[in-house]
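Heads up, the thing below is written out as structure tokens.
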Amino acid sequence: MLKYATKRLVIGILTLFILVTITFFGVHAMPGDPFAQDNKVLSAEAYAAMEAKYGLDKPLPEQYVIYLRNVLRGDFGESISKKGQQVSAIIAKRAPVTARVGAIAFVVALTIGLTFGIASALTKKRWVNSLITLFATLGVSIPGFLFAMLIMILFAVKLKLVGIVGLDKPQQYIMPVFALSLGSISSITRLSRSSLRDVMNQDYITLARSKGTSELKVVTKHGLKNALLPVVTYCGPMFAGLVTGSLVIESLFSIPGIGAEFTSSITNRDYTLVMGLTIFFGAIVIVMNLASDLAAAAIDPRIKLGK
Amino acid sequence: MSTKNPAITDDMFTLLSEDEKNSEFIAVASKTFFRDAWDRFKKNKLALFGLIFLTVLILCAIFVPIFSPYNFESQDMANRNALPSLQHLFGTDKLGRDIFVRIMYGARISLSIGFATAAINLVIGIVYGGIAGYVGGKVDMVMMRIIDVIYAVPTLLYVVLILMIFGNSIYSMMLAICLTSWISMARQVRTQVMSLKEMEFALAAKVIGASDARILMKHLVINALGPIIVCLTMMVPSAIFTESFLSFVGIGIDPTIPSWGKLANDCRALIFSYPVQIIWPIAAICLTTLSLNFVGDGVGEALQLKRR
């Protein structure tokens, strides 16, 4: 276990380092001038002063080393379009909102997805099964942002049940959370259904039944325990999906989170903010992938022996 | 048993009766593998619907912009925000532009991004995954670790960076999507090649002196074609999704190009006043991705991949 964990950790750190490098050189290779905003023409001295302030007058490799050192200290520099605001301060202010919506969506996706998946795998009624299959197929095919617009039209415009924007009241969480978790719900449904079906056909399930174990115990102790492994592994990618989804869901529902900030920083060409947020998003996804892989390895010792 | 054969005489044999004569005649013409698969595919109603929808969509995307009296920019100021009519099949938008024609232009963009990235992924995936799976050992280890590193970062971040560096044209969008999406293809090919190379026919090819490249391409990849095709059909909708997603948020391709995501984005401001207009881009994106998913599932079932 320790060897496997170390190996994964090293890969994770390496990935993070490469991400920072690509982001840094990518952003610096971009055409355009970060100070050429508002059509103002800067004098030569003012320009030099600006460059010196952001450290852009030094040679690129030196800038890279400085940036790397600052990132290690959690310092992403100052935002270009929002004067006087540190990127890390912006992240600290906006991230909790996104984390709250994301965490709720995570729990909702797991609960509903598992319920549907287990129900569909164990049910003897055909209509239940086809209904869940239909839902899962639709959920994978309809992009979350379009689903968000559809429910917006239905519940906010036609039925006028909830307001569209903001997160002041608890019921305002319902639409963003569902729009965000729709894809994950369907994926978990499909995943848990097929894996539980496979497991329920195994010999040890028959053995457990023949020993007279109650059906409830067969399903929970023998079936689910083994069937949930793919779902645990899926939690990492699911997290990446939620992070990606937050970009559009937040701008659609005007949620002041980090996804909306990322979108606007790209439109504003705010290079330091784009760099900081890219690294932040990447780091979160890498850490979550690592966590779900380690959790899977802890549950199933076969994984770390290598496939 | 006695060692001597008893004498065989003619009276030990009788002629077959007329109806017994043809008992071993094979009445059904033998079918090729793909013919058989096609017959199974046709039985799957959803997959067939998907195929028909896609064919119609592709034909419309090619011909509607050529023969329509409107192009995607021409404005009909007298008929702004018009409802669907014979003159404008899907109605017009806030600048009086024909939505039907714009959707079909969008189809050109979405479909070409989807199919082009799938084609590029196919080539890269087969070469990369094929080499990793066939050579194995240290080479495979290093190649797979590289994949792990690339895969760990969400696709979206790469796409955003590429679009910012190379400008927001369709080609940089294709490049950006390809940057990460070939990985699933490479993984699929690698797994297939690894198991197929242990089979007898691969050994036989090696024995008669076929080169490694020939064994890989002519024997292993050909036999892995089923899973490859399924993987391929799943790539098209995900590319279409990525493009429309980014264009919808406003950080995708050039906003003057009427891609589906951009069209959906245009309707965002109008959902209180003209909610009907949003139906068309949503329907276009959903029906296309649904159809592609159905076709992918259908192909998988038709080639009976699960049985293996």
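Restricting segment B:112-128 to residues that are touching a residue at least 40 places away in the same chain (Cβ under 8 Å) and surrounded by fewer than 20 Cβ atoms within 10 Å (Cβ to Cβ) leaves a set whose member that is farthest from B:Phe67 (Cα to Cα) is B:Ile124.
If I ask for residues that are assigned to a loop (DSSP other than H, G, I, E, B) and either under 22 Å from A:Pro143 (Cβ atoms) or touching a Pro at 6+ places or on another chain (Cβ under 7 Å) (or both), which ones from segment A:257-268 would you list? Outline the logic, then answer.
Here is the first cut: in segment A:257-268, the residues assigned to a loop (DSSP other than H, G, I, E, B) are A:257, A:268.
Hit for segment A:257-268 is A:Gly257, nothing else.
Please go through segment A:236-256 and pick out each residue that is more than 11 Å from chain B (Cβ to nearest Cβ) and either in a helix (DSSP H, G or I) or on the phi > 0 side of the Ramachandran plot (or both).
A:Met238, A:Ser254
For segment B:293-303, the criterion of being surrounded by fewer than 19 Cβ atoms within 10 Å (Cβ to Cβ), more than 12 Å from chain A (Cβ to nearest Cβ) and under 23 Å from the mean Cα position of the chain (by Cα) is met by at least one residue.
The rows are residues; the columns are (1) within 9 Å of chain A (Cβ to nearest Cβ); (2) part of a loop (DSSP other than H, G, I, E, B); (3) surrounded by fewer than 18 Cβ atoms within 10 Å (Cβ to Cβ).
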| residue | (1), (2), (3) |
| --- | --- |
| B:Val221 | no, no, no |
| B:Pro237 | yes, no, no |
| B:Thr242 | no, no, no |
| B:Asp254 | no, yes, yes |
| B:Ala264 | yes, no, no |
| B:Phe272 | yes, yes, yes |
| B:Gln277 | no, no, no |
| B:Pro281 | yes, no, no |
| B:Thr289 | yes, no, no |
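The number of residues in segment B:130-151 that are facing chain A (nearest Cβ under 10 Å), touching a residue at least 12 places away in the same chain (Cβ under 8 Å) and of a type in the set (Val, Ile, Thr) comes to 1.
Checking A:Arg94, A:Arg100, A:Arg69, A:Arg73 one by one, the residue that is among the charged types (D, E, K, R) and crowded, with 17+ Cβ neighbours inside 10 Å is A:Arg94 and no other.
Taking every residue in segment A:59-74 that is at positive phi and pairing it with any residue that is at pLDDT 85 or above, at least 6 positions away or on another chain, the pairs with Cβ-Cβ distances below 8 Å are A:Gly74/A:Ser88.
Within the bounds of segment A:121-131, is there any residue that is away from chain B (no Cβ under 14 Å), touching a residue at least 24 places away in the same chain (Cβ under 8 Å), surrounded by fewer than 20 Cβ atoms within 10 Å (Cβ to Cβ) and part of a helix (DSSP H, G or I)? It would help to see each step written out before you state the result.
At the first step, the residues of segment A:121-131 found to be away from chain B (no Cβ under 14 Å) are A:121-129, A:131.
Adding the requirement that they be touching a residue at least 24 places away in the same chain (Cβ under 8 Å) leaves A:121-122.
Retained after the next criterion (residues that are surrounded by fewer than 20 Cβ atoms within 10 Å (Cβ to Cβ)): A:122.
Then keep just the ones that are part of a helix (DSSP H, G or I); that gives A:122.
Looking for residues that are away from chain B (no Cβ under 14 Å), touching a residue at least 24 places away in the same chain (Cβ under 8 Å), surrounded by fewer than 20 Cβ atoms within 10 Å (Cβ to Cβ) and part of a helix (DSSP H, G or I), one finds at least one in segment A:121-131, hence yes.
Filtered by the rule that a residue be out of contact with any Ser or Thr (no Cβ under 8 Å at 6 or more places or on another chain), part of a helix (DSSP H, G or I) and not aliphatic (A, V, I, L, M), segment B:179-210 gives B:Trp182, B:Ser184, B:Arg187, B:Gln188, B:Arg190, B:Thr191, B:Gln192, B:Ser195, B:Glu200, B:Phe201, B:Lys206.
Can you tell me which residue is farthest from A:Leu273 (Cα to Cα) among those in segment B:152-178 that are in a helix (DSSP H, G or I), hydroxyl-bearing (Ser, Thr, Tyr) and more than 9 Å from chain A (Cβ to nearest Cβ)? Even if it seems obvious, please write down each step before you answer.
Going through segment B:152-178, the residues in a helix (DSSP H, G or I) turn out to be B:155-166, B:170-178.
Cutting the leftovers down to hydroxyl-bearing (Ser, Thr, Tyr) gives us B:155, B:158, B:171-172.
Within this subset, residues satisfying the condition of being more than 9 Å from chain A (Cβ to nearest Cβ) are B:171-172.
Values: B:Tyr171: 26, B:Ser172: 22 Å.
Per the criteria, the residue is B:Tyr171.
When the residues of segment A:139-157 are filtered to those that are over 22 Å from A:Gly102 (Cα atoms) and at the interface with chain B (Cβ under 8 Å from one of its Cβ atoms), which remaining residue is modelled with the highest pLDDT? Restricting to residues being over 22 Å from A:Gly102 (Cα atoms) and at the interface with chain B (Cβ under 8 Å from one of its Cβ atoms), the top hit is A:Ile153.
The values are calculated or read from the model by the stated rules, or taken from the named source; none is laboratory data. All values derive from a computational prediction rather than experimental measurement. Virtual Cβ from ideal backbone geometry, glycine too; neighbours counted across all protein chains shown.
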